[in-house]
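See below for the structure under consideration.
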Amino acid sequence: MTEMNHYLEQERKIAELQKRVTSLESLCFQSKPVLNLEEASIYLGISRSMLYKMTHAGKIDFYKPEGKLIFFEKESLLNWARKNKVKSDETTQAEAELKLRELNVAQS
């Protein structure tokens, strides 16, 4: 095996291991109702600094039981992620049609 092939094989193995680690982290997060700052940033897919800035700005609920470490309830993180839902054109169209039907029935 040439040096280049060996290098590419090592890179492939590293990528596969990274996928496995991500999968294992996901499984761990599923069973934990409370996450620390590192886990919460991975769970949301944002940087730790962004998450910390959000706590400082009061944009997301968190707990600080000993005045130093920060923890997040997974439900609270999901509520934050689901905030400001952007509806698809199809959903908006269906809601508009339903509203028009309701208005037509009310006028009858």
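The values are calculated or read from the model by the stated rules, or taken from the named source; none is laboratory data. Computed from a predicted structure; not experimentally measured. Note that we place each Cβ from the backbone using ideal geometry, even for glycine, and neighbour counts take in every protein chain shown.
Tabulated data for the structure shown
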read-out: Single residue of segment 1-36 satisfying the filter (outside any helix (DSSP H, G or I) and either hydroxyl-bearing (S, T, Y) or within 19 Å of the chain's Cα centre (by Cα) (or both)) that is nearest to I70 (Cα to Cα); value: N36
read-out: Tally of residues being at pLDDT 85 or above and surrounded by 11 or more Cβ atoms within 10 Å (Cβ to Cβ) across segment 1-30; value: 3
read-out: Test: E95 is in contact (Cβ under 8 Å) with a residue 40 or more places away in the chain and outside the structural domain of V21 (by TED's automatic domain parsing); value: no
read-out: Test set (1) exposed (fewer than 12 other Cβ atoms within 10 Å of the Cβ); (2) without any contact (Cβ under 8 Å) to a residue 40 or more places away in the chain - P33 fails condition number; value: (2)
read-out: Matching option when the condition is within 18 Å of the chain's Cα centre (by Cα) and at negative phi, among N84, N104, N79; value: N79
read-out: Count - residues of segment 60-78 that are among the basic types (K, R) and part of a loop (DSSP other than H, G, I, E, B); value: 2
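Each row is one residue, and each column tells you yes or no for (1) touching a helix residue (DSSP H, G or I) at 6+ places or on another chain (Cβ under 6 Å); (2) among the hydrophobic types (A, V, I, L, M, F, W, C); (3) touching a residue at least 24 places away in the same chain (Cβ under 8 Å).
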| residue | (1), (2), (3) |
| --- | --- |
| E11 | no, no, no |
| E16 | no, no, no |
| T22 | no, no, no |
| Y43 | yes, no, yes |
| Y63 | no, no, yes |
| N79 | no, no, no |
| K99 | no, no, no |
